[in-house]
Each structure stands twice: as structure tokens, then as C-alpha cells.
1. I228 passes all but one of (1) under 30 Å from S520 (Cβ atoms); (2) open to solvent by 10 Å² or more (accessible area, probe 1.4 Å); which number fails?
2. I'm trying to understand the selection: among the residues of region 479-491, which are in contact with an Asp or Glu (Cβ under 9 Å, 6 or more places away or on another chain) and either over 21 Å from V449 (Cβ atoms) or not small (G, A, S) (or both)?
3. Return the residues of region 268-286 that are of a type in the set (G, A, S) and open to solvent by less than 10 Å² (accessible area, probe 1.4 Å); say none if nothing qualifies.
4. Starting from region 98-116, keep only residues that are more than 17 Å from V68 (Cβ to Cβ), then list their pairs with residues that are open to solvent by less than 30 Å² (accessible area, probe 1.4 Å) and charged (D, E, K, R) whose Cβ atoms are within a distance under 9 Å, requiring at least 6 positions of separation or different chains.
5. Among the residues that make up region 295-303, is at least one of them in a loop (DSSP other than H, G, I, E, B) and either in contact with a helix residue (DSSP H, G or I) (Cβ under 8 Å, 6 or more places away or on another chain) or surrounded by fewer than 21 Cβ atoms within 10 Å (Cβ to Cβ) (or both)?
6. Could you list, in sequence order, all residues of region 235-259 that are in contact (Cβ under 8 Å) with a residue 60 or more places away in the chain and either open to solvent by 10 Å² or more (accessible area, probe 1.4 Å) or not in a strand (DSSP E or B) (or both)?
7. Checking the structure you have, find out if any residue of region 283-297 is within 15 Å of the chain's Cα centre (by Cα) and either in contact (Cβ under 8 Å) with a residue 24 or more places away in the chain or farther than 21 Å from N140 by Cα (or both).
8. Kindly list, by first and then second residue, each pair from a residue in region 438-459 that is outside the structural domain of S348 (by the TED database) and farther than 26 Å from A388 by Cβ to a residue that is β-branched (V, I, T) and assigned to a strand (DSSP E or B), limited to pairs with Cβ atoms under 8 Å and residues at least 6 apart or on different chains.
Amino acid sequence: RYFLVGSNPAETKYRVLKIDRTEPKDLVVIDDKHVYTQQEVRELLGRLDLGNRTKIGQKGSSGLSRAVSAFGVVGFVRFLEGYYIVLITKRRKMADIGGHAIYKIEDTNMIYIPNDSVRVTHPDEARYLRIFQNVDLSSNFYFSYSYDLSHSLQYNLTVLRMPLETIKAETTQTRQESFDIFEDEGLSTQGGSGVFGICSKPYEKYVWNGKLLEAVKNAVHRDWLLYIIHGFCGQSKLLIYGRPIYVTLIARRSSKFAGTRFLKRGANCEGDVANEVETEQILYDASVMSFSAGSYSSYVQVRGSVPLYWSQDISTMMPKPPITLDQADPFAHVAALHFDQMLQRFGSPIIILNLVKEREKRKHERILSEELVAAVTYLNQFLPPEHAIIYIPWDMAKYTKSKLCNVLDRLNVIAESVVKKTGFFVNRPDSYCSILRPDEKWNELGGFVASTGRLQTGVLRTNCVDCLDRTNTAQFMVGKCALAYQLYSLGLIDKPNLQFDTDAVRLFEELYEDHGDTLSLQYGGSQLVHRVKTYRKIAPWTQHSKDIMQTLSRYYSNAFS
């Protein structure tokens, strides 16, 4: 057998899993549901060690040897033989949200479970194992033990805020089906002084190891299940007159229609689109760490391919293969499913910012715009006017080339109007300074305002053809605009505006560049080609040669690797 011994961070409580190694094909995992103290675990392992020593040479050989130390279980996987267990062996702390650490997986280890004596070998096993290991788990996969990364901060804190009364009312009804996670610990749950633990289900779309945990999901205690997201996570610290403010950027990549560019385009039949990433910027004052007493604010935006059936044929070896629409969709079925998902997760308004080229010599990108306009116009017939999908076409390439106007100034106008419509999340009521020095922009802000703070309703969905360069710059501008409101709502600046060449924006821009580069490498095989600096027209000449190099490297990785 393998014994998996897990502990809490303080190493005061332990759980033990038994994994049977005599089954050649099936996975038998037994959770004894007991919470051990450190002393009890030592005794248990000691007993196992003694009981399993071989008869000859009682002194030398031990019955129990440590195979590996790990930080968590990614999951269990089987190809043609028995199961493997995938363990996280190295981790690196990337960020901290209210005392909850977020780690990046640095290294993993696969261990074959069945014993050699019962192993049924299959000639193709090694090939499948190699394909599985091609997915490099040490590149931008993140996990947290105590914070649900698949949901937004707004969702997590709203669940936490659910008053005890409603939970009590719910538990009395559902006590039969659900189990109380504290009953093992010997705390009394009877009477008025019940202790409650809230645990939300992760959002499947952004969880990447859901399939790997399926085999054990119902057999083990939920503390063993570690859900992993893929994307980006970065954190920077701002000191504002001695107040430590953490700026965190988390990007969750959807696992539903995942794959690299040109191979994955548009949407699948369930309304999941290619390169779909949810980006959340979280701001909090680190002088008070708790979720209930501290000040937290977040803003979410989304990027994703145009939700139609479309593709590009890469066998032509052209740098820009022609765009073809594969399937007529007169009733915008795919788009409907896609916006359905979005309305369920974010509420209305859904704002589409389409950065695709409008004017071209040969009709290339414009095909997508025309279809998208038709789909949105069609779908809006079925939505009440106040919840209609808002569509903003804005040919970013055209404005970049024109000498008359500055792209980012124009983007800023769009950003302001978007943030005004959606609002943002903050978990505390407006500070006194907004009454003292009233600001017109602040009072017109949308979203949902409650006594406890503000909620973001609706979301901005940005797309270009690849959703990489243009999209990242547009998202940065919207994020910068939201950041100003977030800082203002925490009472850190006196007007909800931020200038470009300030430390805060510079730091934020660097975070966004990192975020863009990472997502671009995952989907397009190179770093960003056009950065915020390129669009600000302050990029030095060396930057342009870099751009050309990136374009070439991107072309190479599309065509050959």
C-alpha cells in the first residue's frame, strides 16, 4: 500500500489516505475520515512500520519507507495500465490575498500506483505517458489551500457575508444530505452556538484538474481536493503614505475550449470560446488582513475569441491565413449559449468591445465583425432593453495609424464609460471623503450599491482576432480607469483619476505587461508584439526591431512548432 499523510499548516491535525497497490487497473483509495493529532500519526506509522517488517533481520529492514514529500495532490490519471498519482513537489508563493497564500506549481512528480508484481504491461503506455507529460505543469498553474481561485473575490466575499441566520435556516433543512465539516472535531453543533464552515463549489470552467480528481472526488474528505487554475498571477506592493496596498492581478484561463491559436478559434457547440480568460484585479489594504474587517476591492474583465464557428487554415503557410466561417448559424445559437454563460456569471450589462479592423483592402477581419453585429442584433430582440448586450466596435489599428488622435486618449473615454456602467466591487461603504469632496464621476457610477459596499454587475468582454496585443492594451486602459476608482473608494486619492507617469500606473502597467506576455506565450507562442508603450508612441527605435523579432518568432511557432 501507499499511505498518504496530509497535515494542516500548523502540523497539529492530520488525515491519512490508504491507496491499494494490488489492483492492476482500478483505483482503491480509502479515507478513514479520522482526524489524527501529531502523536497519533506517529504511533500509527510506527505500528505500520513494525507490523510490516520482514521476518528475517528484524533490526535492519524497515516495513515503511518514505517515497516522496509533496505539497498537494493534483490528481489521479490512468492511460492503458494502472493509475498514476500526480503530486506537487515544489511550489512558489506568488501572492497573498487577505492572508491566503496563492502558490505557483514549480515541479510535479508522477508515481505509478500498482506494484510491479501485479503490473499488466501495455506496449503503448510509455507513449501516452509522454504525451501527458508534454503539458508542463510547472508553467503558470496556480493553487491555494484556503482561497477559491476559480471564483472572483466578489463571489467569495459575498458567500462569506451570507448572514448566519440564513445558513442556520438552510442547515436545519439540509442536515440530512450534507455533512457538517466540524462534526469530527468534536465541537458541539447543537444549540445556538454552532460553528459553521462555508465551502463553495469551485467554478468548473476555470478548474484544470477536474478530470484528474473525478476518480476520488466522492471517496475522500474534501480537504484533499486541491483545485488548480491556469493563467497568470502577479502581485505588487504600493506604499501610500505608509499604508501598504497590495495590487494583485489574477488571470483564469478557461479549460473548456483550450488550445493554441489557429488550432482553436471561435467557439465550440457549448458556447465556450477559444482563448477565454477572466482577468481580475484585486486591491487591498494590508494593514488589516481579515476579510471581514479589512478593505478589499476588485474589478473583473474578460477576453475571448469571437463567439461564432470560424477557423483559419494554417496549411497555406501565410502569416495571416484567410478567415473562413465554417457553419452558418442564422439564429446565433453558439453566441446565445456563450452570452448565457456570461449573464449567469456576471449579470448584465454585457459590454462587447470589438477591436477588429473595419477597413481593409481585402475583406479579412471584417468578416468576423459583420457576423458578430448580426448575432448581437438578433439576440437583443429577446432581452429586455435595459439588459441588452452593448456592442462597441472600435477599429484600434486605424486609430493607431492616424496622426490626428492619440489612441490611448480615445480608449480612455471608452474605459470611463464602461466602468461607469458596470461599477466595481468594494467591501466597505463609501468613505467620508466622497461626501466631503463630492465628485460627479463617482456619483454617476453604476453597479449595485448596498450598505456594506458596492458590487460589480455586468462585465466588459474585449476581443480582437487573437485577443492578445490589442486586447491587452485595451484591458490595461480599462483596468487603469477602474484602479483609480478602487484607490478612491479606499480613500487613498482625492479624485478618481490617475495620470500616466505616476508610480502606481507604472507598477500597474508592468503587471499588465507580464500578464499579457504570459497569456500570449500560452496561446500564441511568443510574447506581446505591441505593448502599451507602442500605443503611447513613446517606444524607442530598439523596441520596433524587437517587435519585428516577436512577429517572426510568432510566425515560426505557428507554422512549425
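1. Condition (2) is where I228 drops out.
2. K480, C481, Y488, L490
3. Just the residues of region 268-286 that are of a type in the set (G, A, S), to begin with: 271, 274, 286.
Selection gives G271, A274.
4. Every condition considered, the pairs that remain are I102/D96.
5. We begin by selecting, within region 295-303, every residue in a loop (DSSP other than H, G, I, E, B); these are 295.
Now drop any that are not either in contact with a helix residue (DSSP H, G or I) (Cβ under 8 Å, 6 or more places away or on another chain) or surrounded by fewer than 21 Cβ atoms within 10 Å (Cβ to Cβ) (or both), which leaves none.
Looking through region 295-303, none of the residues is in a loop (DSSP other than H, G, I, E, B) and either in contact with a helix residue (DSSP H, G or I) (Cβ under 8 Å, 6 or more places away or on another chain) or surrounded by fewer than 21 Cβ atoms within 10 Å (Cβ to Cβ) (or both).
6. Step one: list which residues in region 235-259 are in contact (Cβ under 8 Å) with a residue 60 or more places away in the chain, which gives 235-236, 238, 240, 243, 245-253.
Within region 235-259, Q235, S236, L238, I240, R243, Y246, R253 qualify.
7. Applying the first criterion (within 15 Å of the chain's Cα centre (by Cα)) to region 283-297 yields none.
Within region 283-297, none of the residues are within 15 Å of the chain's Cα centre (by Cα) and either in contact (Cβ under 8 Å) with a residue 24 or more places away in the chain or farther than 21 Å from N140 by Cα (or both).
8. Within 8 Å, no pair qualifies.
The values are calculated or read from the model by the stated rules, or taken from the named source; none is laboratory data. Computed from a predicted structure; not experimentally measured. Note that each Cβ is placed from the backbone with ideal geometry, even for glycine, and that neighbours are counted across all protein chains shown. Ligands, DNA and RNA are stripped out before the accessible areas are found, and what is left, the full protein with its side chains, is counted by its heavy atoms. Shrake-Rupley method; radii C 1.70, N 1.55, O 1.52, S 1.80 Å.
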